[in-house]
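Report on the following structure.
What follows draws every value from the coordinates through simple rules; no lab data is involved. Everything numeric in this text was worked out from a predicted model, so none of it was measured. Heads up, the Cβs are rebuilt from the backbone with ideal geometry, glycines too, and the neighbour counts pull from every protein chain shown.
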Amino acid sequence: MDRKSLKNIAKFISHIGVVVGLFFFLPLLVGLIYHEDITAFGLFSLLFLSFNALLAFALRSHTLSMSIKEGVLAVNLIWLLLGVAGGIGFYLGSSVSFASAFFEAVSGFTTTGATIYTDIEHLPHWVLMLRSLTHWLGGMGIIVLGVGLLSIINPTGSLTLFKSESTGITLEKLTPKIKDTAKRLWLIYLLFTAANTILLFAGGMSLFDAINHAFSTISTGGFSTKNASLGYWEQNYFILWITTIFMFLSGVNFIAHLKALSGDFQGYKSEEVRWFFALFMALSLALTLVHVDIGKDSFFHSLTHSFFTISSIITTTGFASTDYSLWSHVAIALIFIPMFIGANAGSTAGGVKVIRYIVLFKNLFAQLRQILHPNAVIGIYIDNKPLPKKVLGSVSGFFLLYMLSVLGLAFYLFAKDYDFLSAFSASIAVIGNIGPGFGHVGPADNFSIFSDLDKIVLAVFMIIGRLELFTFFLLLSPDFYRRF
C-alpha cells in the first residue's frame, strides 16, 4: 500500500471520527443533566475529537480519490475502530471487561442490539444514551453520513464508498449527486425519529425513554433503557403499536420513503415492499392464532404482542414485549422464519433481505420451467425489469456465503459447549444483526454468558453481517492485495 492509499483511508476515517466525536457530546450533556460523573468519558471524547480533527486538518490539502480496494478496506476499518471507540466509552462507564465493552459498542453501531448488560436500569443515564446513540448513528450507516461529507471533496470517491456500504443489490441513484441523496435520506431518518419520539412521549414514556427508544426503533437496533425491554410497557398497547408501526416503516426501503417525500408513491408498490408486507401480515396473523390457541390472553393482547414480535424480528430490531421463548414450539418455529428473512434492501434492517428471496425463488421457478421447455428463453424480471445475470450470481453467492457463515459460527459456539439452540440462534442473531435469539440468548436473557474471546468473535461476525459478508470476505482473498 502506497502513501496515497494510506492518506485516502486516513482522511476518510478522520472525517467519520470528527462526526462521531461531535455526537459523543450528547451523552456528556445527558450526564450533566442527571449530575453523573462524566469526567473520564469527557476527557476521552475530547481527545478522540481532537485527534481526528487534527488528522483531518493535516490532510486537508490531500485530494481524496479512493479506489474500490481502498473503499472496502476503509469501510472495514471504520467499523472496527468505531467498536473500539464506543467500547472505551462503555468500559469507562460500567464495570465490564473491554471485550464486553467492545461487544456492546459493535452491537450498537451495527444495530444488532445484543447486550452483555444484566441490569440495564442501573446504568448511568449517559451510558444508556451512548448505547442508543450508537444505534442511531449506525442505523442509516456511518458510511452514508461519510458520503455526505466526502462527496463535497470528491464525488467519485464517495460513490465507491456508497457502493461498499449500501445494503441493497444495486444502488439506485435518485439525484445527480450522491451527497444530495444522502442528505435527503437523513432528513427522512430525522423526521421518523422526531415523530416516533413525540408519539412515545404522548403515550406515556418519559422524554428520556422516548428519545432512546426512538433512536433504537428507527435504526432497527433494539437497545432499551429497561431490563424487560418494551415488556416494561406490556399493557400499554398504544406504545406497543406505535413501536410496531415504526419498526415496520424502518424495515421498508428508505428510497421508497424518499420518493414518497416527493409525492411519488410507486416505491411502496415494488415487489419487495409488497412481499415484505404480505410476509409480515401472514406471519403476524399466524402467530396470533397460535398464541390465542395455547395462551389465556385476550385476542387483542395476543394480536398486539404477535404483531410486535414479528415486526421486531423481521426488521431485525430485537425489541421484546414479552418472553416469546416461553410460547409453544409452533410459535417458536414461526418466529424462526422471519429471523432468516429480514426486511427490505435499502432499509436500516439486517438479514438476508426480502429482495434476495424474490430473486432466488424466481430463479428456481425459471429453472423448473427451463426443464419443461428446454428451448425456451426464460428471463427473470423484478418490477417488470430484466434482472442482469451478474446480479443473479451475486445473490446466489451471497445466500450461500450467508448460510455457510451462520453454520460456521454455530458450529464454533456448539464446539465451545453451548447448547445447540443457543449456539444456532445466537449465530443467526449476530450475523443477521437481530439481537436476541433463543435458549440462553433469548429475549429474557443476554450475551453475558459468553467468554471474552467468544464476545470478540461474535462482535466480528456482527460487522461481517452489517457489511453483508462480501465487503469483509474480500479481505481474505489474495487477489485483494495484489497491486493495491
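For the chain, the 222 nm mean residue ellipticity estimated from helices alone, with every DSSP H stretch of n ≥ 4 adding -39500 (n - 2.57) and the total spread over all residues, rounds to -21500 deg cm²/dmol. What the Cβ-Cβ distance of M281 and S328 gives, at R0 = 30 Å and to the nearest 0.05, is a FRET efficiency of 0.90. Measuring between alpha carbons in the structure, the pairs from K11/K183; K69/K416; K296/K416; K259/K362; K7/K390; K69/K353 lying more than 31 angstrom apart are K69/K416; K296/K416; K7/K390.
Annotation for W186 and Y232: the two label points, set 7 Å from Cα along the Cα-Cβ direction, are 3.0 nm apart. Across the options I116, L28, Y381, the greatest Cα extent toward the positive end of the charge dipole of the chain (unit charges at beta carbon of Lys, Arg, Asp, Glu) belongs to Y381.
Among residues other than E121 with Cβ under 14 Å from its Cβ, the summed charge is 0 (Lys and Arg +1, Asp and Glu -1). Computed extension length for F57-V292: 78.4 nm, one decimal, from 0.36 nm per residue of separation with the Cα-Cα distance subtracted.
Within the chain, the longest run free of trypsin sites (Lys or Arg not before Pro) that sit in a DSSP loop with at most 13 other Cβ atoms within 10 Å is 174-295.
The distance linking the stretch 338-378 with the stretch 93-116 is 34 Å (Cα centroid to Cα centroid, whole angstrom). Relative contact order for the chain: 17 percent, from Cα pairs under 8 Å spaced at least 6 residues apart, divided by residue count. Neighbours of V106, meaning other residues whose beta-carbon lies under 11 angstrom from its beta-carbon, give a summed charge of +1 when Lys and Arg score +1 and Asp and Glu score -1. Other residues with beta-carbon under 11 Å from the beta-carbon of A10 carry, at +1 per Lys or Arg and -1 per Asp or Glu, a net charge of +3.
Label zone of D119 (point 7 Å out along Cα→Cβ, amide N under 13 Å): in the stretch 203-232 this covers 227.
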